[in-house]
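Heads up: the structure comes next, in structure tokens.
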Amino acid sequence: MKKESLNNKFLDTNNKSKFKIFLFPLYPINFFKSTVLICLLSSLIALRVIMQFFTIPIPQFGLTLSIAHTPIIVIGWFFGPVIGFFTGILTDTICYFAKPTSPWFFLYAIQEPLLCMISGMIGSLYVINKNKEKIMGEIIFSKVMLYSFTLFTLIVLIIYAQPDNKFQGSNGLKENDFFNVYKYVAIGTIILFIIIYELFFIYLYKKKKKVDRLFLYLTSIGFLNAIIFSFLLGTISAVEYSKVFFPTNNNFIKYGAMFYVIPRVIKESIKTPIQIVLLFSIVIAVTPYFQNIINNILLSWNSGIEKKTK
């Protein structure tokens, strides 16, 4: 039996266990009995902790530009939502004690486990569906994520990101050249990325007569990450954090949620395309190595079963 067919064989013979595969995409492998898989997971956790120290500050908005969550997405993708969720709790705790930047707050603490879990859910769906012919559902979902992200960012940047808005530590942005630079770089970046995305999509569809399912799933994760954890949960967390720790600072009352949304939109418009390209590159590079580990484990396990039946 060829190694590359082993994983598909086990998936095909366990169609009634799709829910178990969804929760544990490594099934029927016992993760805790594989030293190699544990070492791989440990390496990704260490990479996550290290990457938090490499950030680009955006002092005007009190934010930083970072791709430190990329290893977390990769962990969820390969190890599934259950292992991903608990790994997210572990990495968030380690990172908090390694580099505490603010008082602990539960709405910030739950974001990393949830991100890892959602990435794991999408990764599990990819494992279950990767050999199916029909792909229209994935195309529609990916396009909805893409244009939801694009429309929201452009509306906020063009309509609401005006010079009269005030941000923390600033009397106003009317005379602020940095604000204009950030704003128009963000608009240009997201428009350029959408053009490149669509050209690549058309190339795959017209030239190769297919759309790569991996491309659709990974880009969807990138857009979901920005929409859920930066625009929605990030804004809610910032407002609630201010209420708890800075009750006298009523900027969110004066200026509404846009006080927090606009800086995040500017940040995500620049960061999300970079993160998607990086995520796609890492998954492409790691997948053969990861698949080889899985195939060797399954081959060893299958050989053991055959010996017992003789």
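See the values below:
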| read-out | value |
| --- | --- |
| Some residue of the stretch 84-97 being surrounded by fewer than 17 Cβ atoms within 10 Å (Cβ to Cβ) and assigned to a loop (DSSP other than H, G, I, E, B) | no |
| Scan of the stretch 255-283 for residues that are closer than 16 Å to residue 123 by Cα and touching a helix residue (DSSP H, G or I) at 6+ places or on another chain (Cβ under 8 Å), ordered by number | 276, 279, 280, 282, 283 |
| In the stretch 98-114, residue surrounded by the fewest Cβ atoms within 10 Å (Cβ to Cβ) [restricted to those that are closer than 27 Å to residue 24 by Cα and hydrophobic (A, V, I, L, M, F, W, C)] | 106 |
| Among the residues listed as 73, 67, the single one being within 30 Å of residue 299 (Cβ to Cβ) and either buried (at least 22 other Cβ atoms within 10 Å of the Cβ) or modelled with pLDDT under 90 (or both) | 73 |
| Qualifying positions in the stretch 271-297 - modelled with pLDDT under 90, under 22 Å from residue 37 (Cβ atoms) and surrounded by 19 or more Cβ atoms within 10 Å (Cβ to Cβ) | 294, 297 |
| Residue match in the stretch 83-91 (condition: within 18 Å of the chain's Cα centre (by Cα), over 30 Å from residue 32 (Cβ atoms) and of a type in the set (Ser, Thr, Tyr)) | no |
| Top-ranked residue of the stretch 62-104 - restricted to ones that are of a type outside the set (Val, Ile, Thr) and touching a Pro at 6+ places or on another chain (Cβ under 7 Å), ranked as farthest from residue 43 (Cα to Cα) | 63 |
| Any hit, the stretch 8-15, residues being in a helix (DSSP H, G or I) and modelled with pLDDT of 80 or more | no |
| Residue count, the stretch 111-136 (criterion: in a helix (DSSP H, G or I) and farther than 15 Å from residue 87 by Cα) | 9 |
| Qualifying residue in the stretch 216-228 (condition: at pLDDT 85 or above and within 19 Å of residue 105 (Cβ to Cβ)) | yes |
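The values are calculated or read from the model by the stated rules, or taken from the named source; none is laboratory data. Values in this document were obtained by computation on a predicted structure and should not be read as measured data. Note that each Cβ is placed from the backbone with ideal geometry, even for glycine, and that neighbours are counted across all protein chains shown.
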